[in-house]
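Engineer: For reference, the structure I am asking about is given below.
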């Protein structure tokens, strides 16, 4: 059995859940003792199965024990050797983080007592990790565990000061404040000590929330440490100023004077009532008002009359059995009201008792008949008569006989009141029965996977418990739930829900219904292109709609458009008109259920701008030049006519040419785009030519829906004489060539 020990010390010494003890022997539950030496020797005896459950990645758990260490590096190795095993089967070993996630390889002897080794990588230096050792199939062995690698066995740094969230250490009783300290290197736990006039409302490693319960002074202290070294304590003195309580003298009031208010505080009867006021010192002061409610005086009158008779009472004439009241103002000696209570029984008519009473269904049960409200006048006589199987066990001469059987019990009364009258009334005893059949009040008959269904039945007053049984699930039973919230973690399909009530006399008739659990598949899309593609291409996503049907698909295309429509086709073609990074997602909806989303990130590339190529020449040289293309990372030059030349950043020069020698080149600009290169081809002749200056007239802005096409582009040429040929390049050019005059 797992056990926990609570330690109490002066000033409420508190070890939080992250404290560790130095390893002498491993402990039954994590985090266990702290390893302060690379070699630990212990036995697997004395331990019982616990965290993390009956199984773990290495096998099953029978007698696991725990230790911990502080990582000093990212890698560590642990070697284990078992000896003197009772069953000769050996041990198992695994390293966890503090969230019970395995961080090492797994070792199990598999029933053969052999040495083992595990390694852990990717550890975070300074973090605490847990080591679990388990006897294989519960075997009890002597164990030698050796740790190789980065364990951090150093003392914590000295701590900084304790600070308060309110930036003060003076308080009033009832005040709440948070005290905290900066994290301390090499500390894995923080022991807090609090003053005796305070209580803890919240706690973490490096902070504590306190409420000061009364006046007094003391120290808030913390000692950072680890399992191998104690730390250096640091303290902050705190003072809670005293209050000024006032208790006023007792004040008596009649019952009719209640309730009333004092400064918004409801005074509704006998008791002490505290009201808080602010004092000159800034603390609350409590004033206590003490009231005593003087009850009304009560006078009881019991009498009987014969059926057909009547008596006056409280301004009315009464002739039926019952209890009647009249308030008489100021009739008590203390000046309060008095209450006159009349209990009237009409002899010869229905008597003032419960006419159907229940005996338990358990064999041997007895019942004392309840006739508390019957008051016979002096001289009246009575006797009981049993019918229909009734049986009086004892008290036949009493108004409260004890019976043990179902049946009818007739009470006969003879009274000499205003006149002699004879009356009788029947009390029937019935047996307690099983509960009535449950009736559904609210029920979710259609639910989505992972949703929580809500079910309820009408309240059952005759049941001790209600059983809810779901087909393919365990029976759910609580004390007496009329309502049930049930998380649907199963697969889709039809499930039968049966509800049945129970008490000590048996089961009710069952009620059942059929529930539908709607499955919804998560979209698992496959795309046809790489995530980086040119904007004139279409990205196509496909999925198996036949295997995972849905009512609709909900897309977020991040500015894209469908080429073929959807909802939901098995193939979805999407294109984007503008380049850039696109974040798309899609989820499925089916009968109101929603799947998890499929998400993808795409890069839509744009074309490089057109390359503008020109040339200048002499009788024995030609120089080609071009403007920088935005987004280009380099340029390639291919001489189509076979000559060789020298390439610069934005030029290509050919020298040693013959007069009138013709040169043709193709220049390509390339960059980080999947749309390909931008290129231009130009032919020039080695000759002395004038330097021409070309000025292109700017085109004013036009609307997207501009319908007057084509647009005439204008330019002028200066610096030469005569006519020449001009060629435009770029997308959308209809007539690239022409003649110009300089």
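Engineer: Does the stretch 69-87 hold any residues that are in a loop (DSSP other than H, G, I, E, B) and within 10 Å of residue 136 (Cβ to Cβ), and which are they?
Structural biologist: 85, 87
Engineer: Just to check your reading of the model, which residue among 94, 100 is assigned to a loop (DSSP other than H, G, I, E, B) and under 20 Å from residue 50 (Cβ atoms)?
Structural biologist: 100
Engineer: Sticking with this one: Sort out for me the strands (runs of 3 or more DSSP E) sitting completely within the stretch 665-739 that have 1 or more residues that are modelled with pLDDT under 90 and over 60 Å from the mean Cα position of the chain (by Cα).
Structural biologist: The strands (runs of 3 or more DSSP E) meeting that bar are 693-696, 715-718, 723-727.
Condition check ((1) within 30 Å of residue 531 (Cα to Cα); (2) surrounded by 14 or more Cβ atoms within 10 Å (Cβ to Cβ)) across all residues:
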site	(1), (2)
634	yes, no
655	no, yes
680	yes, yes
690	no, no
693	no, no
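Engineer: Further, regarding this structure: What is the residue count in the stretch 114-139 for residues that are surrounded by fewer than 20 Cβ atoms within 10 Å (Cβ to Cβ), in contact with a strand residue (DSSP E or B) (Cβ under 7 Å, 6 or more places away or on another chain), assigned to a loop (DSSP other than H, G, I, E, B) and at negative phi?
Structural biologist: Count: 5.
Engineer: Filter the stretch 253-268 down to the residues that are exposed (fewer than 13 other Cβ atoms within 10 Å of the Cβ) and either in contact (Cβ under 8 Å) with a residue 12 or more places away in the chain or outside the structural domain of residue 286 (by TED's automatic domain parsing) (or both), then identify the one that is farthest from residue 328 (Cα to Cα).
Structural biologist: The qualifying residue farthest from residue 328 (Cα to Cα) is 263.
Engineer: Also: Restricting the search to the stretch 291-310, which residues are surrounded by 14 or more Cβ atoms within 10 Å (Cβ to Cβ) and modelled with pLDDT of 80 or more?
Structural biologist: Once the filter is applied, which keeps residues that are surrounded by 14 or more Cβ atoms within 10 Å (Cβ to Cβ) and modelled with pLDDT of 80 or more, the stretch 291-310 yields 291, 293, 294.
Engineer: Report yes if residue 442 is part of a strand (DSSP E or B), free of Cβ contacts under 8 Å to residues at least 60 places away in the same chain and within 53 Å of the chain's Cα centre (by Cα), otherwise no.
Structural biologist: The answer is yes for residue 442.
Engineer: Still on this structure, I have one more. Here is a list of conditions, (1) in a loop (DSSP other than H, G, I, E, B); (2) surrounded by 13 or more Cβ atoms within 10 Å (Cβ to Cβ), and residue 214 meets all of them except one; can you say which number that is?
Structural biologist: (2)
Engineer: So, in the stretch 82-106, how many residues would count as being in contact (Cβ under 8 Å) with a residue 60 or more places away in the chain and buried (at least 17 other Cβ atoms within 10 Å of the Cβ)?
Structural biologist: Result for the stretch 82-106: 2.
Engineer: Residue under question is residue 571, and the condition is that it be closer than 28 Å to residue 678 by Cα and modelled with pLDDT under 85; does it hold?
Structural biologist: So residue 571 does not fit the description; no.
Engineer: Sticking with this one: Only one residue in 643, 647, 693 is closer than 24 Å to residue 726 by Cα and touching a strand residue (DSSP E or B) at 6+ places or on another chain (Cβ under 6 Å), so which one is that?
Structural biologist: That would be 693, the only listed residue that is closer than 24 Å to residue 726 by Cα and touching a strand residue (DSSP E or B) at 6+ places or on another chain (Cβ under 6 Å).
Engineer: Among the residues of the stretch 618-663, count how many are free of Cβ contacts under 8 Å to residues at least 24 places away in the same chain and on the phi > 0 side of the Ramachandran plot.
Structural biologist: Residues that pass the stated criteria total 1.
Engineer: Considering the stretch 354-371 alone, what residues qualify as being assigned to a loop (DSSP other than H, G, I, E, B) and surrounded by 12 or more Cβ atoms within 10 Å (Cβ to Cβ)?
Structural biologist: Passing the criteria: 354, 360, 361, 365, 366, 369, 370, 371.
Engineer: Would you point out the residue of the stretch 383-428, among those that are modelled with pLDDT under 85 and either outside any strand (DSSP E or B) or not assigned by TED's automatic domain parsing to the domain that holds residue 356 (or both), that is surrounded by the fewest Cβ atoms within 10 Å (Cβ to Cβ)?
Structural biologist: This residue is 419.
Engineer: Here's another thing I want to ask about it. Can you pull out the residues in the stretch 43-68 that are part of a strand (DSSP E or B) and surrounded by fewer than 20 Cβ atoms within 10 Å (Cβ to Cβ)?
Structural biologist: Scanning the stretch 43-68 gives 43, 55, 59, 60.
Engineer: Quick one: is residue 404 within 15 Å of residue 371 (Cα to Cα) and out of contact with any helix residue (DSSP H, G or I) (no Cβ under 6 Å at 6 or more places or on another chain)?
Structural biologist: So residue 404 does not fit the description; no.
Engineer: Continuing with this model, one more query. Out of (1) under 30 Å from residue 571 (Cα atoms); (2) at pLDDT 80 or above, what's the single condition that is false for residue 464?
Structural biologist: In the conditions (1) under 30 Å from residue 571 (Cα atoms); (2) at pLDDT 80 or above, residue 464 misses (1) alone.
The values are calculated or read from the model by the stated rules, or taken from the named source; none is laboratory data. Just so it is clear, the structure is predicted and the values come from calculations on it, not from any experiment. Here the Cβ is made from the backbone with ideal geometry for all residues, glycine too, and neighbour counts use every protein chain on show.
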